[in-house]
Amino acid sequence: MENPGVYDVLIVGGGQAGIPLAYKLAAEGLSVALAERRDLGGSCVNFGCTPTKAVIASAKVAHQARRASEYGLRIPEIHIDFPAVLRRAKEIVELKRGGLDKGLEDSENPTLIRGHARFEGREGEGFRLRVGGRSVLARQVVLDTGTRTLVPPIDGLEEVDYIESGNWLEKTGLPGHLAVVGGSYIGLEMAQFYNRMGSRVTVVVGRSDHVAPSEDDDVTEALRVILKEEGVEFVFCERAEAVTPGNDGLILALDGGEPAGLNVSHLFIATGRKPNTDDLGLENVGLGTTEGLIEVDERLATEIEGIWAAGDIRGGPMFTHTSWDDHRVLLSQMAGDGSRTTERVVPYAIFTDPELGRVGMTERQAREAGHEVEIMRFDMEREKGKAREIGENKGLIKVVADAADGRILGAAVLTAEGAELVHVYVDLMNSGAPLEALRNAIHIHPTLAEDIQSAVS
């Protein structure tokens, strides 16, 4: 009979919550195993944050080179080596992932177990799981299995070699005309990237209102106009209905769109994320899901005592930084004083150029929540300092504050380095400081951070 490995904690998934949690629980004296069926690092390292920001940087250089005449320079020709751009990104991925592999493969505690993990049932006060070909017993289990592309019901799509967030790094041919289906964060970032690489890009937005639908209308319209001025095209429709082979590529039929169809060479599917919870054997321990998401409380505990969930599968904000912070919540609950919960201020960004850094409520959300709000807005075209001097004065800053006490409810920073600058507002919100704290501060001149102050002055 097979002798199972026995651990205090089994962490399923080597993503941004799982890996640091494994090390820190082991440092607390617990025996820990980490199960990973594919690549360590999760979506962020392997096909998300790390490689996308690498190629976006390459696209930024190409874009700046094309604008050289604005700066009094002459660059006669720009040559894009698309495979080399992807190769650079892959090398960065491999460097990061290699460090993770080496650290865990050389470790006795935590122990790395390669293979897909699946619950088989309860075992005494713990749980029995099958990890690859091994049987594992664990007193507690943390699920951190992430998400994958949500494939929409487009007729004929299964016959198409489409691009999506999990495979784009392997597609070394530059599309002639790319249709990006989905106008939210991933879709907008990748649309601008491919456009700057030289592809013609059309973003198919499956709503009749605006791109990035969770944002305020004025912010998303400003972002759409910036991308359109670069050459990104937008088509609004009810949905992408079907795709069929055409003479020069693919024909994408649009329901309620104008035009009713697109002739394109490639498709990029960016219509959302699906939780990786459908083959974990959750039914064997009585743990349910809601649309694939595992419900947790503010401690990240599930309805089954001893099972926890972290990262994208636990619902709520699906960002690398929230996944990483989840490991601190879990460490506090499982081996600490229980002081940390998921009651937190969560910023995020759309890494277009300019970037959209966001935190807190939108104006719409604040009004719906019953707040009497003060709206402060700063159009970057009015900027007379560093942003204009460096030729990066597109976008806007919008701050939503409580009119009664002057505290920030939310902010949108659509500017150069917006993902960096929004942290000024993040820190004010975390400290509970009123806007006067920012208004009375002295910021270095000339800096982009001056505009963060100007927006509320």
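When peptides 143-156, 252-265, 41-54 are sorted by average Cβ neighbour count within 10 Å, with the highest value leading, the order is 41-54, 143-156, 252-265. How far is helix 217-230 tilted off the main Cα axis of the chain, in degrees rounded to 10, range 0 to 90? So the inclination is approximately 70 degrees. Under the combined filter of DSSP loop state and at most 15 neighbouring Cβ atoms within 10 Å, segment 1-67 retains these GluC sites (Glu not before Pro): GLU2, GLU28. Computed about the Cα centre, the dipole magnitude for the chain is approximately 1100 debye when only Lys and Arg (+1) and Asp and Glu (-1) carry charge, each at its Cβ.
On a C-alpha basis, how far is the centre of segment 268-333 from the centre of segment 130-198 in Å? Whole number, if you could? Computed from Cα coordinates, the inter-centre distance equals 19 Å. For ARG88 and ARG114, a Förster radius of 30 Å and the Cβ-Cβ distance give a FRET efficiency of 0.60, rounded to the nearest 0.05.
Take each of the peptides 301-310, 60-69, average the number of other beta-carbon atoms within 10 Å over its residues, and list them starting from the highest. If you can, show how the numbers build up before the last one.
Values: 301-310: 20.2, 60-69: 13.7.
Highest mean packing first, the order is 301-310, 60-69.
Here the Karplus curve 6.51 cos²θ - 1.76 cosθ + 1.60, taken at θ = phi - 60°, turns the phi angles of segment 414-430 into couplings of 9, 8, 4, 6, x, 5, 7, 5, 4, 5, 4, 5, 4, 5, 4, 5, 5 Hz, with x standing for Gly and Pro. As a rough guide to protection, the peptides 195-202, 97-104, 76-83 ranked by mean Cβ packing within 10 Å, highest first, stand as 195-202, 97-104, 76-83. The chain has equivalent-ellipsoid semi-axes of 39, 30, 22 Å, by the square roots of 5 times the alpha carbon gyration tensor eigenvalues, sorted largest first. If contacts are Cα pairs under 8 angstrom and at least 6 residues apart, what is the relative contact order of segment 348-454 in percent? RCO, segment 348-454: 30 percent.
If you count the DSSP beta bridges with both ends in the chain, what percent of them are antiparallel, to the nearest 5?
Values: 50 of 84 bridges.
Antiparallel bridges: around 60 percent, rounded to the nearest 5.
For LYS171, the aspartates and glutamates whose Cα falls under 20 Å of its own Cα, not counting residues fewer than eight places away in the same chain, are ASP39, ASP81, GLU91, GLU94, GLU158, GLU159, ASP161, GLU189, ASP248.
In loop segments of segment 92-198 as defined by DSSP, the GluC sites (Glu not before Pro) with at most 16 further C-beta atoms inside 10 Å of their C-beta are GLU108, GLU125. Segment 7-53 and segment 76-107 have Cα centres separated by 20 Å. Between helix 185-197 and the chain there is an angle of about 60 degrees, using the helix long axis and the longest principal axis of the Cα atoms.
Against the chain, whose longest principal axis comes from its Cα atoms, helix 82-105 is set at around 30 degrees. The HN-Hα couplings worked out from phi for segment 266-280 by the Karplus form 6.51 cos²θ - 1.76 cosθ + 1.60 (θ = phi - 60°) are 9, 10, 10, 8, 9, 10, x, 10, 10, x, 8, 10, 7, 9, 9 Hz, whole numbers, x standing for Gly and Pro.
Read-outs throughout are calculated quantities, based only on the coordinates presented, and are distinct from any laboratory measurement. Computed from a predicted structure; not experimentally measured. Here the Cβ is made from the backbone with ideal geometry for all residues, glycine too, and neighbour counts use every protein chain on show.
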